[in-house]
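Peer 1: Here it is, the structure in full.
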Amino acid sequence: MQTIERKSIKGGEFLIKETEAAQVFIPEEFTEEQRMVANTCREFLEREIYPRLDEIDQAKTNDLMVSLMDKAGELGLLGTSIPEQYGGFGMNFNTSMLVADVTGPGCSFAVALSAHTGIGTLPILYYGNEEQKARYLPKLATGEWKAAYCLTEPDSGSDANAAKTRATLTADGQHYSLTGQKMWITNGGFADLFIVFAKIDNDKNLTAFIVERGHGGITMNEEEKKMGIKGSSTRQVFFNDCLVPVENLLSNRENGFKIAVNILNIGRIKLAAAGIGASKQTINHAVNYANERKQFGVSIASFGAIKHKLATQIMKTYATESASYRAGQNIEDAIEDLIEAGMPEAEAKLKGVEQFAIECALMKVHGSEALSYVVDEGVQIYGGMGYSADAPMDRAYRDARINRIFEGTNEINRMLAVGTIVKRAMKGELNIMGPAMAVAKEIMSIPDLAAEEPEGMFVEEKKVLKNLKKALLMTAGAALQKFGPAFEREQEIMLNLADMLIEVYVAESTLLRTEKLIGLRGEAATALHKDMALVYLHEAVEKINQAGKAAVTSFAEGDELRGMLMGLKRFTKIAPLNLKEMRRRIADHAIAKNRYPF
């Protein structure tokens, strides 16, 4: 296979730049070594987790989860992102995404694993000094120590910087005394190490600390009783004059909020990856049940209504996978560029992820909402059995719900994505207003029917995508002009724009993956991939049209409104296809394979 040099782009540039299929990474390109890592994860789930899901959920102590984390540590699953010099494997970003994907169906175990390897470990890896890394990372890589992350408080959730936990330097200058309350702390019941965010004295911003359980002054409430992920440890943690050595201050004073934001960016896109694996496992159950369940003398898998559900579940999962690994490779490319430019590796990893904060937020939203659809329809396919705790959909449905709240609510992430684009545009880092003004002029002009036709694959579909981007630029540009600095108070409009942004990114990613696959495998072998890409694109057009209308009718009126609605109609056109037959082909393939087939 010919190797194509990928062009490193900036986060958010997909909206204003053409992307070639050759420049995106697709999951079919994973190396043999990466596939072996994935198989190790699968075998661990099949051997240790799936047979014990009820036992994990019903456990009265944390002993079982701790033993499972120990076993994962022995296999190296806790050290995939940690450099070899600290006892890990030093794998790249998309490999760590793959681990999150494949372990995603692990229910409560997946949550414990993710919290430990992500928000519990990465702050030290990326922000710790050499002494801190050498002291803590080897223990975290093997699982000798388990980690937790203490940010949320009763009065500070989405507004993390409003935290009230305080740190005061002791009279001898040797320790910080931490006092405060943290809540919803994953792994809190068994963690040996806590990343704790507090304000020193009357500082405006948070500072981060590495706190060992052995430092003392730490107490906890009983385990929280939760809707789902019942086997994961979730505690309120109280710090009562907890004495933390001054050398355990992480990074610089008042840098805690930045640490929290950057680590959450990583958590967001990995949450999307975990949703891919969870969706595939749910689809496996749904297809299997649809094949086995007989009604009116035939398998319910033969019914069109069931095929519609199965096909949409599969298509959404394929789309999430396409966009997530595209973004993951963009992050990896940015990291490599920064390292080549002389930036230290840890800093480069942070900057690379920060550059794609927009895509991380978009994929967190899309991945969690795709999973929500998959599990909801999974329950429906099971019918009455879907509501029974004896069938797998009960746990899948309850466990999935937290993903729309984890790592910042989906509402916060939607507004974050749009807000970040606006901020970068205002700083001149992202040229959004130029293209937006060009689209505004285009609305008033006569379409150029004599324009030269491009060549290649998916020519008409790429025109549709280009127009969808114009619909978004037109709407966003007009809203920014209308509201100016007050734009970020218009949350409803920001949510509409975010929905448009998500659909543009995911539809384009799905089409580009499919185009690249066709180039690698040929048309005949990828006919169903093409069906999925086209069905997704048609649905995206409808969603963008609806979100665009909701936005423009919120702020425009008279001739301006009529002009924008006319522009929206022009930019959300797509030639009709028989989507029913395309869905049936997708579903029939899965039914024949008796699983998620791609």
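Quick note: the coordinates plus some simple rules give every number you see, no bench work behind them. Computed from a prediction, not measured in an experiment: that's the story for all the values here. Note that each Cβ is placed from the backbone with ideal geometry, even for glycine, and that neighbours are counted across all protein chains shown.
Peer 1: Does the range 499-598 come out rounded, prolate or oblate by the C-alpha gyration tensor, with a ≥ b ≥ c the root eigenvalues, rounded set by a/c under 1.5 and, if not, prolate when a/b is larger than b/c and oblate if not?
Peer 2: prolate
Peer 1: Moving on. Along the charge dipole of the range 13-146, pointing to its positive end and built from +1/-1 on Cβ of Lys, Arg, Asp and Glu, which listed residue (Thr117, Pro105, Cys41) has its Cα farthest out?
Peer 2: Checking the options against the dipole of the range 13-146, the answer is Thr117.
Peer 1: Provide the gained length on full extension for the span Glu55 to Phe296, in nm with one decimal, where the gain is 0.36 nm per separating residue minus the Cα-Cα distance. Don't skip to the end; give the middle numbers.
Peer 2: Details: separation 241, 0.36 × 241 = 86.76 nm, distance 3.68 nm.
Extra length available between Glu55 and Phe296 comes to 83.1 nm.
Peer 1: Please work out the C-alpha center-to-center distance from the range 120-196 to the range 490-504 and express it in whole Å.
Peer 2: After rounding, the separation between the Cα centres reads 34 Å.
Peer 1: How would you order 507-519, 301-313 from highest to lowest mean count of nearby Cβ atoms within 10 Å?
Peer 2: Ranked from most to least packed, the peptides come out as 507-519, 301-313.
Peer 1: Could you tell me which label, among (1) 28.3; (2) 29.9; (3) 35.6, carries the value of mean projected area of the Cα convex hull in nm² calculated for this structure?
Peer 2: (1)
Peer 1: To the nearest 20 debye, what is the magnitude of the charge dipole of the range 357-451 about its Cα centre, counting +1 on the Cβ of each Lys and Arg and -1 on the Cβ of each Asp and Glu? All intermediate terms of the calculation are to be shown ahead of the outcome.
Peer 2: Details: 10 positive and 12 negative charges, 86 e Å.
Result for the range 357-451 is approximately 420 debye, rounded to the nearest 20.
Peer 1: Now for a different question. Run the helix sum for the chain: -39,500 (n - 2.57) per DSSP H stretch of 4+ residues, divided by residue count, reported at 222 nm to the nearest 500 deg cm²/dmol. Don't skip to the answer; put the middle values down first.
Peer 2: Numbers: 19 runs with 329 residues, N = 598.
Estimated from H runs of four or more residues: -18500 deg cm²/dmol.
Peer 1: Considering only the chain, what is the antiparallel percent among its DSSP beta bridges, to the nearest 5?
Peer 2: Antiparallel: roughly 80 percent of the beta bridges in the chain.
Peer 1: Report, to the nearest 10°, how far helix 527-552 tilts away from the longest principal axis of the Cα atoms in the chain, using its own Cα long axis and a range of 0 to 90°.
Peer 2: It works out to around 80 degrees.
Peer 1: Moving on. Say R0 is 56 Å: what FRET efficiency, to the nearest 0.05, do Thr170 and Thr553 get from their beta-carbon distance?
Peer 2: Values: r = 59 Å, r/R0 = 1.06.
The computed FRET efficiency comes out at 0.40.
Peer 1: Suppose every K and R has +1 on its Cβ and every D and E has -1 on its Cβ; what is the size of the dipole of the range 148-250 about the Cα centre, in Debye to the nearest 20?
Peer 2: 320
Peer 1: Does anyone have the angle between helix 63-74 and the longest principal axis of the chain? Alpha-carbon axes, 0 to 90°, nearest 10?
Peer 2: Tilt of helix 63-74: around 70 degrees.
Peer 1: Nearest 10 degrees is fine. How inclined is helix 93-103 to the longest principal axis of the chain, computing both from alpha carbons?
Peer 2: In the chain, helix 93-103 runs at an angle near 90 degrees to the longest axis.
Peer 1: Listed highest first by mean packing, meaning other Cβ atoms within 10 Å per residue, what order do 545-551, 29-35 come in?
Peer 2: 545-551, 29-35
Peer 1: Multiply the residue separation of Leu577 and Met457 by 0.36 nm, subtract the distance between their alpha-carbon atoms, and state the gained length in nm to one decimal.
Peer 2: Full-extension gain reported as 41.5 nm.
Peer 1: Okay, moving on. What order, most packed first, do the peptides 262-271, 428-437, 247-256, 185-194 have when packing is the mean number of other Cβ atoms within 10 Å of each residue?
Peer 2: Averaged packing, sorted descending, gives the order 262-271, 185-194, 247-256, 428-437.
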